[in-house]
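Okay, so here's the structure we're looking at.
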Amino acid sequence: MLSVGLTGGIGAGKSEVSRLLVEHGAVLIDADRIAREVVAPGTPGLAAVVAAFGEEVLAEDGSLDRPKLGSIVFADPEKLAALNSIVHPLVGDRSRALEEAAAEDAVVVHDVPLLTENGLAPLYDVVVVVDADPATQLDRLVRLRGMTEQDARARMAAQATREQRREIADVIIDNDVPLDRLRSRVAEVWAELAHRAHQPR
């Protein structure tokens, strides 16, 4: 099994790269999706978040109001750290269980937005960084996700810098390119990952 950490700044196009890797046969463990699952209604994770941040972070249906929580934590590093201390251990436990269930020769891709920020690179055999110019990221967040420019800039500022992500990368996928070029680059990367997964270690 080859354990791959996939990361990139918000708006860099990491989700598209992970989707293409799955098309090639990767087993995807999506930290964002797991992070939503561990704070679903009725979970100990949600109870812990409410205990830390108050009932105001709940939507009317009892689920987590993610935009509301985001507006609180992304403006305050201490509150963001408090949230991460609740969610990250739960995500880690679930991720390990999913990886243990994968086949021996699988390429297991962990889609981890905050891999750089949390110093997680040593946990993976290979770190793949999806890279885009910050201007491209900003444009995508405003145009495609409907964020205000102020919100988008705050989210980007709360993450590692482009240079910090590139420093930990074993493989960089440039996503300032048309989709057909991205597809061919991902195919190249997949061939290398699949080859490494079959090498005795």
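Considering only the chain, what is the antiparallel percent among its DSSP beta bridges, to the nearest 5? Mind showing how you got there, number by number?
Numbers: 1 of 19 bridges.
That works out to approximately 5 percent antiparallel.
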Solvent accessible area, Å² - residue 188, 1.4 Å probe, full protein context: 110 Å²
If you plug each phi of segment 40-49 into the Karplus form 6.51 cos²θ - 1.76 cosθ + 1.60 with θ = phi - 60°, what whole-Hz ³J(HN,Hα) values come out, in order, with x for Gly and Pro? 5, x, x, 8, x, x, 5, 4, 5, 5
Quick check: at a probe of 1.4 Å, how many percent of the accessible area of the chain sits on carbon and sulfur atoms? 52 percent
Pairwise centroid distance, computed over Cα atoms, of segment 1-54 with segment 82-99, Å: 10 Å
Have a look at 64, 41, 24 and report the one farthest towards the positive end of the charge dipole of segment 16-68, computed about the Cα centre with Cβ charges (Lys/Arg +1, Asp/Glu -1). 24
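Residues with beta-carbon under 12 Å from that of residue 58, excluding residue 58: net charge, scoring Lys, Arg +1 and Asp, Glu -1? Please report the intermediate quantities before stating the final value.
On the way: positive: 66, 68; negative: 55, 56, 60, 61, 65.
Result for the local shell: -3.
At 0.692 mPa s and 37 °C, plugging the Kirkwood radius over alpha-carbon pairs of the chain into Stokes-Einstein gives what diffusion coefficient in µm²/s?
Details: Rh = 17.9 Å.
Rounded, D is 184 µm²/s.
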For residue 168, the net charge from surrounding residues (Cβ-Cβ under 14 Å; K, R +1; D, E -1) works out to -3
What is the Cα centroid distance between segment 158-201 and segment 100-117, reported in whole angstrom? 14 Å
For segment 122-154 versus segment 61-81, the gap between their alpha-carbon centres in whole angstrom: 19 Å
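Between beta-carbons, use under 13 Å as the cut-off and find the net charge around residue 18, counting Lys and Arg +1, Asp and Glu -1. List each step's numbers first, then the result.
On the way: positive: 14, 19, 33; negative: 16, 23, 30, 32, 111.
Net charge in that neighbourhood comes out at -2.
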Other-chain or far-sequence residues with amide H under 5 Å of residue 30's (modelled H): 111
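Given a 1.4 angstrom probe, what's the average accessible area per residue across the chain, in square angstrom?
Working: 10730 Å² over 201 residues.
Here the residues of the chain average 53 Å² of exposed surface.
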Heavy-atom accessible area of residue 7 with all protein chains present, probe 1.4 Å, nearest 10 Å²? 0 Å²
Hz values of 3J(HN,Hα) by residue in segment 184-196 - Karplus curve (6.51, -1.76, 1.60), Gly and Pro given as x: 5, 5, 5, 4, 4, 4, 4, 4, 5, 5, 5, 4, 5
Amide H contacts under 5 Å for residue 117, restricted to residues at least 5 apart in sequence or on another chain and with H modeled in the peptide plane, are 160
Could you list which residues have their amide H under 5 Å from that of residue 173, counting only those 5 or more apart in sequence or on another chain, with H placed in the peptide plane? 129, 130, 131
Could you run the Karplus curve 6.51 cos²θ - 1.76 cosθ + 1.60 with θ = phi - 60° over segment 103-109 and give me ³J(HN,Hα) per residue in whole Hz, x for Gly and Pro? 5, 4, 9, 6, 9, 9, 9
For segment 90-201, give the magnitude of the charge dipole about the Cα centre (Cβ charges: +1 Lys/Arg, -1 Asp/Glu; no others), in debye to the nearest 20. 300 debye
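The values are calculated or read from the model by the stated rules, or taken from the named source; none is laboratory data. Just so you know, these numbers come straight off a predicted model, no measurement behind them. Methodologically, a virtual Cβ is constructed for each residue, glycine included, from the backbone with ideal geometry; neighbour enumeration extends over all protein chains shown. These area figures cover heavy atoms from the full protein model, side chains too; ligands, DNA and RNA do not enter into them. Shrake-Rupley method; radii C 1.70, N 1.55, O 1.52, S 1.80 Å.
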